[in-house]
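The values are calculated or read from the model by the stated rules, or taken from the named source; none is laboratory data. Given the structure is predicted, the values throughout are model-derived calculations rather than measurements. Every residue, glycine among them, receives a Cβ derived from its backbone with ideal geometry; neighbour counts consider all protein chains shown.
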Amino acid sequence: MIRIGIIGFGKMGRVRGDAIRESGRGEVVAIFDPADAGEHDCSLRAESVESIFSDRNVDAVFICTPNYLNKSLTIAGLHAGKHVFCEKPPAFSAIDVEEIREVEYKSGKRLMYGFNHRHHESIRRMKEIQDSGEMGRILWMRGRYGKEVNESFLSSWRANKDFSGGGIMLDQGIHMLDLFLHLSGNFDDVHAFVSNLFWKIEGIEDNVFAILRSSETGICASLHSTMTQWRYLFSLEVFLEGGALILNGLKTSSGTYGDEALAIKRNTPHGRFTGEEHIVYHSDTSWLVEITHFIDCIENSESVRHGSSADALRLMRLMDKIYGNEK
């Protein structure tokens with residue numbers, strides 16, 4: 001059993017704790033949250049972050065804190081000789097991730113980031129089809145990810161750029177951008193418009209429209225990340241030489257994004273329609289699959305394949321371009 005300490009026990013800390021217990025492969029032995037409401041076993045409550053890092057009974061730490069702490073806690077965990085699982089975003093810039101990777105390399109420990117959407121069954125099926133080559137090369141992709149927020153958002157840490165690092169793109173759109181990279185490789189040409197016309201919070205965008213292109217493969221993609229959608233929306237469309245993979249909805253605990261429905265449309269090399277398959281995924285196993293991958297990597301001394309620091313660096317280089325912060 002991998003012995004795990006969780007730093008930050010809000011919504012995500014609880015989700016991760018539940019998945020760890022469900023896996024049967026890990027045991028939560030310590031929890032620290034400065035805003036602890038006592039909603040867990042008091043015997044697990046740690047006195048501080050430092051006490052978790054120094055605890056010899058802790059093999060790995062899960063970092064489920066506001067964004068501004070992710071980089072420093074990840075580095076501290078690796079320095080302490082712990083395996084680290086950190087929620088997205090990995091940091092605020094690509095340079096930050098490069099610093100993290102230097103520490104990771106010297107530590108010899110496993111570092112994985114919580115790009116949970118990769119582990120949804122629909123995405124795994126899309127990736128399987130793409131990797132098999134049965135539908136040819138990807139030609140283009142389109143992603144839309146939107147939600148609404150209410151006035152309570154204004155009093156949360158997400159509405160403070162010092163704590164969050166950015167708005168809806170860094171908070172939610174980062175998942176869609178990661179899926180683009182996961183399915184098609186890298187992009188080197190980026191054009192983006194970032195706006196905050198509605199909430200008007202300095203440094204916190206409420207919309208991003210981004211166009212991406214790979215000069216190597218010619219693949220183009222468009223992404224819209226928004227928190228002025230006025231309804232919850234997840235849509236990922238991948239068009240290939242031999243058809244299309246169209247995912248609408250995402251299975252979540254809240255149910256706000258609707259059914260996770262994947263349409264697999266096949267055609268001939270000349271574009272003639274030959275058939276369509278529809279799959280609806282009724283359960284969300286992504287949290288368990290993700291935890292299992294992390295623990296497998298630790299126990300088998302394997303490299304992280306999904307959510308590695310290399311994935312994070314590629315992603316944050318694109319985020320820098322989108323935000324106009326490229327160095």
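Go through segment 237-255 residue by residue and tally those that are in contact with a Lys or Arg (Cβ under 8 Å, 6 or more places away or on another chain) and closer than 17 Å to Gly173 by Cα.
1
Sort out which residues of segment 206-234 are crowded, with 20+ Cβ neighbours inside 10 Å and among the acidic types (Asp, Glu), and write them in order of number.
Selection gives Asp206 alone.
List the number of the failed condition for Glu134; all other conditions in (1) modelled with pLDDT under 95; (2) in a helix (DSSP H, G or I) hold.
(2)
Can you tell me how many residues within segment 9-31 are out of contact with any His (no Cβ under 7 Å at 6 or more places or on another chain) and among the aromatic types (Phe, Trp, Tyr)?
0
Checking the conditions here, which among Ser301, Ser253 is surrounded by fewer than 16 Cβ atoms within 10 Å (Cβ to Cβ), among the hydroxyl-bearing types (Ser, Thr, Tyr) and closer than 15 Å to His117 by Cβ?
Checking each option against the conditions leaves just Ser253.
Considering Glu237, Glu260, which residue is surrounded by fewer than 18 Cβ atoms within 10 Å (Cβ to Cβ) and within 16 Å of Ile123 (Cα to Cα)?
Within the list Glu237, Glu260, the selection yields Glu237.
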